[in-house]
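Notes follow the structure.
The values are calculated or read from the model by the stated rules, or taken from the named source; none is laboratory data. These figures come from a predicted structure and were not determined experimentally. Here the Cβ positions follow ideal geometry from the backbone for every residue, glycine too, while neighbour counts run over all protein chains shown.
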Amino acid sequence: MSQNNDILIRIDDLGVSFLREGRAIEAVKKVSLSIRRGKTTAIVGESGSGKSVTSLTLLDLHPKAQTRYTGGQMVVSSSISGGDNKEIAPGDTFWTSLRGRKIAMIFQEPMTALNPVMTCGAQVAECLTTHRLMAFSQARQETIRLFEEVLIPYPEQAFSKYPHEMSGGQRQRVMIAMALSCAPDVLIADEPTTALDVTVQRSVLALLRGLQEKYGMGLLFITHDLSLVAEMADEVIVMRKGEVVEQGSVQDVLERPQHQYTQRLLAARPTPEKKGFALLEENGEGGIRRPTESHSEALVLVNGLTKSYATRGVFGKGSKPAFLAIDHVSFSIHTGETLGLVGESGCGKTTLSRALLGLVPPTSGEIWFKGMDLVQATKGQRREVFKHIQIVFQDPYSALNSTMTVGQMISEPIAFYGLRDSASKRRERVIQLLNQVGLGEEHYNRYPHEFSGGQRQRVVIARALAVEPSLLICDESVSALDVSVQAQVLNLLNELKANLDLTYLFISHDLNVVYYMSDRIMVMRKGKVEEIGTADEVFYRPKSHYTRQLLESIPGRSKVV
């Protein structure tokens, strides 16, 4: 290690197993990596590949009773150990003394990582009083300075806010401020931007790069997004089933991948040049998918739709101007097409989809579906119509009932609408739906927890198809999935669209995915339609300055014309 003074932590042949029902399950096998000062090492791989297990070993966060370290040598530099370079065994209590002080972590979901009953400022100040032994008054001033450094608006007011009062990007910045509070040598970022809008994602990544350069930190960046790896990392490690399958410089691995698994990950990314082709075919090139034909008939027609919410002052006293979640929105969705809907959090995407589903009554305007005005329709008319409009949610686990089997959940809407007149016919229909989404009869009696994330999303799609809808709303339906699982679900959606003559409203903050899936794209901002046009027009010749900003925020994308 003396010949590599920039190496902060080196891991050689790490092995980690977990005890489950009396037997050891190997999670990480012979993993080796180095974290260097001022450099970024990225770990890429699907869920279960061992990415997070490897990183959590550096923080000694594995449960002691269930964890067995089956091998590994770990060496930390003198700047971390406080003396000479030191070899520390995995699981040694010495790692606990480094946690937060020398090695810090930014978790994927700040809303669950932050304490909901403590203010954001108090949580950061607690790190300072614990690790740096500051008085609270001093810790408060340092926290406000950190909030300023991570570009949180109005840092003094932010100190007294609770996590739920901050936006997603601001909560992530609070996590970064907390991680930086003790000036760590190593920062671990575990999927830090997965759930963020593209512009917020870009600002958080720029912030991390700036802070790394300023403090000379070594950054371990964990992600399944290869576009982020190309933008952030110096070295990349590709993991699969607990093992390192490929390792090297970003340029070598991403441009000249040697391992078949890495090649498949790269082939699974939706990119503009792959529009019109299926992802992840066996030959690695993708097969042609049927293009959408021209459309004339409008399945959905929205005119001047508005949804406002009354707001009140503190403790319900006084009043403020109504908040317009949707502000006079008009658009159409033609039979058989996919309309992509993009925009940042708070732009009105979800409110709009809920209005189409009849879950939110609009304040004014018209929603025409198959020639019927849903706003003026009777309750009975709406009930009959709404079986033709179904939704696929972002998180399939929370969308499914954990106490019901897959067969019960998919049968329920079939029975409710009387689409099959006997239990045997309903079972037959459920099995047919499972086959359509790539599952089988053997999955009929399984519960949600017995499926992977991608399989659960297939169950949600099968349930949505159970009532034979015309319009399917996909609300961030692939944003939380690994790249190869995402590709499988996108392929499935396109196959179902072609085979069942479906129409999609496809909502996402991933503009590459939206372009890949859509015939037309609608951009929303602050409740209004900013721009609408064909996918090529919006993606390559945007008219709106806001759309240009969104497109320029895509990782790895050159500026649009």
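When you go through (1) surrounded by 19 or more Cβ atoms within 10 Å (Cβ to Cβ); (2) free of Cβ contacts under 8 Å to residues at least 24 places away in the same chain; (3) in contact with a Pro (Cβ under 7 Å, 6 or more places away or on another chain) one by one for GLN170, which number turns out not to apply? It is condition (3) that GLN170 fails. Per the conditions (1) within 29 Å of the chain's Cα centre (by Cα); (2) within 22 Å of MET239 (Cα to Cα), the sole criterion not satisfied by GLY71 is (1).
With a requirement of 2 or more residues that are under 26 Å from LEU266 (Cβ atoms), the strands (runs of 3 or more DSSP E) lying completely within segment 14-84 that satisfy it span 23-36, 40-44.
Among the conditions (1) in a loop (DSSP other than H, G, I, E, B); (2) modelled with pLDDT of 80 or more; (3) more than 17 Å from VAL513 (Cα to Cα), the only one that ASN283 does not satisfy is (2). Elements of the type strands (runs of 3 or more DSSP E) sitting completely within segment 316-431 and holding at least 3 residues that are without any contact (Cβ under 8 Å) to a residue 12 or more places away in the chain: these cover 319-334.
Could you tell me whether ILE144 is among the β-branched types (Val, Ile, Thr) and over 30 Å from VAL28 (Cα atoms)? In short, yes. Taking the criterion of being of a type outside the set (A, V, I, L, M, F, W, C) and buried (at least 20 other Cβ atoms within 10 Å of the Cβ), the residues of segment 56-66 that qualify are THR57, ASP60. Within segment 213-265, being basic (Lys, Arg) and not in a strand (DSSP E or B) holds for LYS214, LYS241, ARG256, ARG264. Taking the conditions exactly as written (touching a residue at least 40 places away in the same chain (Cβ under 8 Å) and crowded, with 21+ Cβ neighbours inside 10 Å), does LEU496 satisfy them or not? For LEU496, the condition - touching a residue at least 40 places away in the same chain (Cβ under 8 Å) and crowded, with 21+ Cβ neighbours inside 10 Å - is not met.
Tallying residues that are farther than 24 Å from LEU196 by Cα and of a type in the set (Gly, Ala, Ser) within segment 440-486 yields 5. Counting only residues that are part of a helix (DSSP H, G or I) and in contact (Cβ under 8 Å) with a residue 40 or more places away in the chain, how many does segment 501-539 have? Within segment 501-539, residues that are part of a helix (DSSP H, G or I) and in contact (Cβ under 8 Å) with a residue 40 or more places away in the chain number 9. Filtering VAL375, VAL430 for residues that are of a type in the set (Val, Ile, Thr) and either within 25 Å of ILE507 (Cβ to Cβ) or assigned by TED's automatic domain parsing to the domain that holds SER308 (or both) leaves a single hit, VAL375.
Conditions (1) at pLDDT below 85; (2) under 32 Å from the mean Cα position of the chain (by Cα), marked per residue:
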site: ILE288; (1), (2): yes, yes
site: GLY318; (1), (2): yes, no
site: PRO321; (1), (2): yes, no
site: ASP327; (1), (2): no, yes
site: GLY348; (1), (2): no, yes
site: THR351; (1), (2): no, yes
site: ARG354; (1), (2): no, yes
site: MET372; (1), (2): no, no
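The condition of being within 28 Å of GLU337 (Cβ to Cβ), modelled with pLDDT of 90 or more, touching a Phe, Trp or Tyr at 6+ places or on another chain (Cβ under 7 Å) and buried (at least 22 other Cβ atoms within 10 Å of the Cβ) holds for VAL459. The residues of segment 457-481 that are touching a Leu at 6+ places or on another chain (Cβ under 9 Å) and not in a helix (DSSP H, G or I), listed by number, are ALA466, VAL467, GLU468, PRO469, SER470, LEU471, LEU472, ILE473, CYS474, ASP475, SER477, VAL478. Scan segment 199-221 for residues that are over 17 Å from LEU146 (Cβ atoms) and either among the polar types (S, T, N, Q) or crowded, with 23+ Cβ neighbours inside 10 Å (or both) and the total you get is 6.
Taken together, the criteria place VAL342 among residues that are of a type in the set (A, V, I, L, M), within 20 Å of ARG520 (Cα to Cα), modelled with pLDDT of 90 or more and in contact with a His (Cβ under 9 Å, 6 or more places away or on another chain).
Surrounded by fewer than 18 Cβ atoms within 10 Å (Cβ to Cβ) and either more than 30 Å from SER227 (Cα to Cα) or not assigned by TED's automatic domain parsing to the domain that holds ASP185 (or both): is that true of GLY82 in this structure? Considered against the rule, which asks whether it is surrounded by fewer than 18 Cβ atoms within 10 Å (Cβ to Cβ) and either more than 30 Å from SER227 (Cα to Cα) or not assigned by TED's automatic domain parsing to the domain that holds ASP185 (or both), GLY82 comes out as yes. Of the helices (runs of 4 or more DSSP H) that lie entirely inside segment 95-182, those containing 3 or more residues that are under 25 Å from LEU61 (Cβ atoms) and either at pLDDT 90 or above or not β-branched (Val, Ile, Thr) (or both) span 110-113, 120-131, 136-149, 168-180.
With respect to (1) touching a Phe, Trp or Tyr at 6+ places or on another chain (Cβ under 9 Å); (2) under 19 Å from GLN172 (Cα atoms), the lone exception for VAL204 is condition (1). Only a single criterion out of (1) assigned to a loop (DSSP other than H, G, I, E, B); (2) modelled with pLDDT of 90 or more is not satisfied by THR194, namely (2).
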